Amino acid sequence: MKLLEYQSKALLRKAGLPVPDSIHVRKAGDVREALSKVSFTEGVVKAQAFTGGRGKAGGIKRYSTPEEATKFTSEIIGMQLVTHQTGPEGVSVHSVLLEKAGNALHEFYLAILLDRAKVSPLIMISPDGGVDIEEVAEKTPDRILRLYPEFGKSLSEDLKTKAADFLGLDNTLKEQLGDILQKLYNVYLKYDATLIEINPLAITDENKLELLDCKFDIDDNAVYRQKETGGDPDAEKNEAEIEASKFGMSYISLDGNIGCMVNGAGLAMATMDSIKHNGGEPANFLDVGGSATEEAVTKAFEIISSDSKVECILVNIFGGIMKCDTIANGIVAAVKSSGLKLPLVVRLEGTNVDIGKKIIDQSGLNIISANNLDDAARKSVSVTQK
Amino acid sequence: MAILVDKNTRLITQGITGKAGLFHTLRCHEYGTNVVGGVNPKKAGSSIEGFPVFGNVKEAVTKTAANTTMIFVPAPYAADAIIEAADAGIKLIVAITEGIPVRDMLNVHQYLKKSDSILIGPNCPGITTADVAKVGIAPGFIHKKGKIGIVSRSGTLTYEAVHQTTLTGLGQSTAVGIGGDPIHGLNHIDVIKMFNDDPETEGIVLIGEIGGSDEEEAAEFIKSNVQKPVSAFIAGSSAPKGKRMGHAGAIISGSKGTAESKIKALQDAGVMVALTAADIGHQMCLALRERTGKCHCNNAEDCRY
């Protein structure tokens, strides 16, 4: 689950971290009243959306009067923000953050994330902030410092000193940085974050460190105990994806025309891979889970066929605990009840596979049987290319 | 021989009274695993389907000499269940539970550093030593006693690899599903080391997926240490960046964790990589033939290779 900037900054502020004054607004008509509650007059209007590169895409505008702030807010809310991180369709903006404008003398990069290989949180620091860190990592890897906190303890003085020295900070700022690192690390642990990225971490003209922007990802497995963060686990999902999750299925829409229904995440990916390998394009990732019921199978068909791009549906089930005859009955019932017209390619394997295949063959429905995963992919591709 | 589970396995189930826990305990028992009981603090002293239920793992170990546990405890409590098992001296902990938070697993990882216990999973199908014992949720009947060791991050792809090596007649020594979470117990490399040392295992199948760098590290190890033929499949070459593909660990972040980099690392290490999941069995057959000079599969007479 990702947090929007205003949600992240609320958590940072609560933890005593230095973030600029700001106020969150959902409609242009509220700007004037909102600005009457804050101490700053000049500021920036920042689109609240899950993407970087907002400034270049017109999602961040500087204002000096409430009229200007209102005007920019009405322009930004409702816009489709297209950046290098979004697709060409962009992401929609539902609210803005009005934030005090400051003068950054210098911009650093700071992030805490999970290092899977080292099985530890990792603190990443660079003197080159305000730019794409992947670019820094590629072109000037020595401009990035990686620090590993000792498990279960506060950050060591040694770690803090290394960080400050790497950024070339004076004593005043060094102390501030140490404080920021510790508080941010506490936030990282407390809220089950998997990534907190502060870019930039700025030195202001008052010689203070300030956290100007924040990217905040929370572990999806921990969402149940992080409700107070205000994040919406469904924020980035479309309607079909939300519907699927209600039935314990994991669904992701993609751009192709072959709908997929598979049990198991790995097999679902492998099915998409096979479609692509055979010259087709998958319309979705769909894992029906290990113990899909007839109801879930019906729902899965409904979701897949509601995508107007879909020209064929490929069902690939390895029945282990789920028996193939149960699945076959589910497929037949679902096709009959939904009146599905699209060509359907079915590959069944595992427990009671022969009975399952017989049920499909005798159903009188126009279902194409496949012998293995690759055969299923080939048949689906050839159906869509007719 | 084989690895991790065998006739000496004495299994308990943590969460034996739940629907899934009981169902799979019974399937393991039917497969031949020596199931000695289960744990549920609220139902201590009772029995279920003939298996004694204990209040905690320590008690179960004392009374049954259990050395292996299978965990079905719900995600919010599963990390504690793993630690409890390690504390009680259980040697092999197989965590089936899906959805354990990363922070909890960081704790588990630290805790297990000080312990002799081995963790498999979480979010995994478990381990099957063909025709001997099964700990987990894999369908037993697809296995066939044989010579291939299988290690996989994905559940259903483990079954796919087992099924295909059964069809080719090669069979399996042991199949190990290590799970799809970002932080887990044994990695590919740990299990490959075990297979490399196991005389019953003549070839190794590695099934990986996008995300992390487990497969790259395994490739490094294989390159310099493994003489046995290895074949592999990596799922997710068509996955878009930044989207979690079902498993918490299966996500490409930036340029890291792509199928392309994993496939390249494995090929550089001399591993035969299947381009589609339907080709896993044949690639293993091919790898064995290349190494030993003769065909070992069912269709040796008219093997299509």
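Neighbour counts of other C-beta atoms within 10 Å: give me A:His84, B:His163 arranged from fewest to most. Working shown, then result.
Values: A:His84 10, B:His163 21.
Ordered by Cβ neighbours within 10 Å, fewest first: A:His84, B:His163.
Please report how far the C-alpha centroid of segment A:119-166 lies from that of segment B:1-50, rounded to the nearest whole angstrom.
Between the Cα centre of segment A:119-166 and that of segment B:1-50, the gap is 46 Å.
Just to confirm the number: angle between the C-alpha axis of helix A:66-76 and the first principal axis of chain A, 0 to 90 degrees, nearest 10?
So the inclination is approximately 20 degrees.
Consider just the alpha-carbon atoms of the protein assembly as shown and return their Rg together with their Dmax, both in angstrom.
27.0, 86
When A:Cys312, B:Cys295 are ordered from fewest to most other Cβ atoms inside 10 Å of their Cβ, what list results?
B:Cys295, A:Cys312
Compute the helix-to-body angle for A:324-338: its Cα long axis versus the longest principal axis of chain A, expressed 0 to 90° and rounded to tens.
In chain A, helix A:324-338 runs at an angle near 80 degrees to the longest axis.
List the extent of the Cα atoms of chain A along each of their three principal axes, largest first, rounded to whole Å.
79, 50, 38
What do the square roots of 5 times the Cα gyration tensor eigenvalues come to for segment A:21-101, in whole Å, largest first, as semi-axes of the equivalent ellipsoid?
Result for segment A:21-101: semi-axes of 22, 12, 10 Å.
So, in Å, what gap is there between the alpha-carbon centers of segment A:229-263 and segment B:143-182?
29 Å
Sorting B:Ile82, B:Ile90 on the 10 Å Cβ count, fewest up front, what's the list?
Ranked by crowding around the Cβ, least crowded first: B:Ile90, B:Ile82.
Hey, if you put +1 on the Cβ of every Lys and Arg and -1 on every Asp and Glu Cβ in chain A, which of A:Ser92, A:Asn263, A:Val187 ends up farthest toward the positive end of that dipole?
A:Asn263
Once you charge only the Cβ atoms, +1 for Lys and Arg and -1 for Asp and Glu, what is the size of the charge dipole of the protein assembly as shown about its Cα centre, to the nearest 20 debye?
Charge dipole of the protein assembly as shown: 1100 debye, to the nearest 20.
If a helix is a whole DSSP H run, which ones in chain B reach 15 Å or further along their own axis (Cα) and hold a mean Kyte-Doolittle hydropathy of at least -0.5?
B:19-31, B:75-87, B:102-113, B:155-167, B:280-292
Using a cut-off of 11 Å between beta-carbons, work out the net charge of the residues near A:Val345 (Lys and Arg +1, Asp and Glu -1, A:Val345 not included).
On the way: positive: A:Arg347, A:Arg378, A:Lys379; negative: A:Asp375.
Overall, the nearby charge balance is +2.
I need the calculated FRET efficiency for the pair A:Ala137 and A:Lys309, taking r as the beta carbon distance and R₀ as 45 Å, to the nearest 0.05.
0.80
A short reminder: the numbers here are calculations on the coordinates, not readings from a lab. Since the model is a prediction, treat every value here as computed from it, not as a measurement. Note that each Cβ is placed from the backbone with ideal geometry, even for glycine, and that neighbours are counted across all protein chains shown.
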